[in-house]
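A quick write-up on the structure given underneath.
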Protein chains: 2
Amino acid sequence: MPNLSGVKFSACSSGIKNEGLDLGLVYFEEPHLFVSAYTRNRVKAAHIHYMKKMEGKKIKALLVTSGCANAATGKEGVKDLERLAEVFSKNLPIEKDQIIFASTGVIGKRLPLDKIIDSIPHLKKNLDSSRIEDFAKAIMTTDTYHKIAKGTFVGRREYILVGVAKGAGMINPLFGTMLSFLFTDFPLRREVIIRPFRASLKESFERITVDCETSTNDTVVLFFPEGPLDEEGYPQFLETLKGVMRELALLIVRDGEGATKVIHVNVRGAKRKKDAEKLARRIARSTLVKTAFFGNDPNWGRIMAAIGDAEVDILPERIDILIQGERIVKGGKGTDFDEELLKRRLSAKDVELEVNLNEGKASFDLYTTDMTYEYVRINASYRS
Amino acid sequence: MPNLSGVKFSACSSGIKNEGLDLGLVYFEEPHLFVSAYTRNRVKAAHIHYMKKMEGKKIKALLVTSGCANAATGKEGVKDLERLAEVFSKNLPIEKDQIIFASTGVIGKRLPLDKIIDSIPHLKKNLDSSRIEDFAKAIMTTDTYHKIAKGTFVGRREYILVGVAKGAGMINPLFGTMLSFLFTDFPLRREVIIRPFRASLKESFERITVDCETSTNDTVVLFFPEGPLDEEGYPQFLETLKGVMRELALLIVRDGEGATKVIHVNVRGAKRKKDAEKLARRIARSTLVKTAFFGNDPNWGRIMAAIGDAEVDILPERIDILIQGERIVKGGKGTDFDEELLKRRLSAKDVELEVNLNEGKASFDLYTTDMTYEYVRINASYRS
């Protein structure tokens, strides 16, 4: 698969984290437009305040820090970014209003500006169109692998869309995920892409949750060159955008903190999609359901309890529940399923959980993880 | 402290659970009235359907099963209770509409009627006014200790109020807790007590949560003899009721599944109590906050993130956060607190977490637990 021409990546260890890559830079040879989506959390990271002022502008660089979220840092957090913009504009062929930022990591700490500024020569020297993997690694926190998804599509010519993302905790994106960046050479105008971009978000990042904790830093950005629309390629572009976003979302949930499996929660037969969504999200946030899945325990009573607690009017006596395709609840009561066999089938890396309300035709599905000792370990000792 | 006269308790191991007491019986020599509150979960246990039909009646017996919740058992679950009422009426000096039931345990299993019926002679033989401790033990599931609270008060004569309760998982009572039974010899009429009973619930059981999972079986019942009100003793009765309920609620949260500490979440300075409650509940359900407390980590960024995710309009730049009385966030930003010292103070069994929004005068507080390896262990292997 060819690289995006004119888009260069680099990464380095600046010392924000104790070890590993923690600074990622993207440089666009030609100015690019972007559309973005941010967390619905009312406590927002400094970069989100900063980027909101940059909306509609053309930019040439993106700097991402990991290990420090630059959230709950007040006005100083935004000023730190303004200072960085100024310094970068003196060291790269960009204006100071041509760089944007994103951060992830511990909330409440200021960015170590000196360490970042000291790293600029190294970041600049290493810029290369082939280094997207390093960039994807530099934005990781508790992720166990880096996340890249690509797609190509054809219009008047061949185009590329490539995206990177990171998880792995505080994942309950409702307007984006922790961090995800998508790059394409398909020319667009902002007014054309804003709506389809949001639609794709709804079907990808908004369909996963690890711990039902919406982050302060969730950010998704799509970068693209400005230009007249290639009508022929547009439908394929939209398909590719949806596919790449969905792939990244699944990579995030697969790498959820401490997860041993991905649970696909599919609520069907609802009167309204809104109800199906409430139920799916309530099941996915149940620590009792998530720990039962960790124990390969088809403990459907906990699923029924979560359903009953979702603030949706349901008819318990109509509910069917299927796990791995096996009907374990019919009409609200347990069936005579082979529990030992089902336990073995639950030990898979992918588990299908279907709830059918048998009341209507609306449905909603999302992906979540089990809850494990490792989740507790990671989060009881994250900062130490 | 004297026993309640005319109220007898017994317990036995009937085999519903693999080991330990699992059947508890209360027998009232004189018919008693009761007021009760049940779960708001839309999936309700059979005993709740049964007891709703008994409201306003005078009863002489209460049978409680642990190890089997008799929930999601459909009409058959209620019929099983009708059958038990009939059998008990032939073995105790009661009519068949003078017994009520409550259950706790695994959801989705029918009650083993034969085992229960076989236990009647034993239960009957052991009835004694001193056996409340056995009864309190018989209603336990994952509880690590039994829970009893007592109070005496004086009106025209001395009265007693004694309550028992059980936890320890699926605890997020909004109309009651898993199971709690309160007994008094203070004569009352139902219409007098219903409102104060609900008010006491709101200030006790509704102020605790272990895992934010509202059970299918939550039940609180207060039993009392019918009679003209002792006006002199009524204010003290109300105080005692509130005190005993609060003590039981705190006993439940202290014994929360896997908990190493109790966190008192106190949200102050809100414009409306409703907002303070939303924030306190959102913080208390955050697995990231709860695991951080397990790790004695004053990771206030996670508290800020939970606050921002509570669907309450807040001003992040006004928020103060205090842990163990130490101000660690002022105006939305971290202070220069001594982290090592605070870590040590966080290792206490009781932790005070105060959030001040500095916007108004409303407040709300509740008690929750940390989230630990042990919570995962208990719930990944509950049924095995």
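Scanning segment B:1-44 for residues that are under 23 Å from B:Ile120 (Cα atoms), in contact with a helix residue (DSSP H, G or I) (Cβ under 9 Å, 6 or more places away or on another chain) and among the small types (Gly, Ala, Ser) yields a count of 7.
Counting the residues of segment A:282-312 that are facing chain B (nearest Cβ under 7 Å) and among the acidic types (Asp, Glu) gives 2. Residues that are part of a helix (DSSP H, G or I) and in the same structural domain as B:Leu182 (by TED's automatic domain parsing) do not occur anywhere in segment B:92-102. Of everything in segment B:56-91 that is outside any loop (DSSP other than H, G, I, E, B) and hydroxyl-bearing (Ser, Thr, Tyr), the residue that is farthest from the other protein chains (Cβ to nearest Cβ) is B:Ser89.
Would you be able to say whether some residue in segment A:215-228 is within 14 Å of another protein chain (Cβ to nearest Cβ) and free of Cβ contacts under 8 Å to residues at least 12 places away in the same chain? No, every residue in segment A:215-228 fails to be within 14 Å of another protein chain (Cβ to nearest Cβ) and free of Cβ contacts under 8 Å to residues at least 12 places away in the same chain. Within this structure, A:Lys278 fails the test of being surrounded by 21 or more Cβ atoms within 10 Å (Cβ to Cβ), of a type in the set (D, E, K, R) and in a helix (DSSP H, G or I).
What number of residues within segment A:317-338 are at negative phi, within 7 Å of chain B (Cβ to nearest Cβ) and in contact with a strand residue (DSSP E or B) (Cβ under 9 Å, 6 or more places away or on another chain)? Adding up the residues that qualify gives 2. Taken over segment B:34-55, the residue count meeting the criterion of being assigned to a loop (DSSP other than H, G, I, E, B) and either among the small types (Gly, Ala, Ser) or over 13 Å from A:Asp309 (Cα atoms) (or both) is 1. Are any residues in segment A:184-212 small (Gly, Ala, Ser) and loosely packed, with under 15 Cβ neighbours inside 10 Å, and if so, which ones? Within segment A:184-212, just A:Ala199 meets the criteria.
Checked against the criterion of being assigned to a helix (DSSP H, G or I), assigned by TED's automatic domain parsing to the domain that holds B:Phe205 and in contact with a Phe, Trp or Tyr (Cβ under 6 Å, 6 or more places away or on another chain), segment B:133-148 contains one or more residues that satisfy it.
On the stretch given as segment B:174-214, residues that are assigned to a strand (DSSP E or B), among the hydroxyl-bearing types (Ser, Thr, Tyr) and away from every other protein chain (no Cβ under 14 Å) total 2.
The lone criterion from (1) crowded, with 24+ Cβ neighbours inside 10 Å; (2) within 11 Å of chain A (Cβ to nearest Cβ) left unmet by B:Ala270 is number (2). Restricting the search to segment B:157-208, which residues are modelled with pLDDT of 85 or more and among the hydroxyl-bearing types (Ser, Thr, Tyr)? If the condition is that a residue be modelled with pLDDT of 85 or more and among the hydroxyl-bearing types (Ser, Thr, Tyr), then B:Tyr159, B:Thr184 are the ones that fit.
Scoring A:Gly108 on the criteria (1) at pLDDT 90 or above; (2) assigned to a loop (DSSP other than H, G, I, E, B); (3) of a type in the set (Gly, Ala, Ser) leaves a single failure, condition (1).
The values are calculated or read from the model by the stated rules, or taken from the named source; none is laboratory data. Source: prediction; values computed, not measured. All Cβ positions, even for glycine, are placed from backbone atoms using ideal geometry, and neighbour counts span all protein chains on display.
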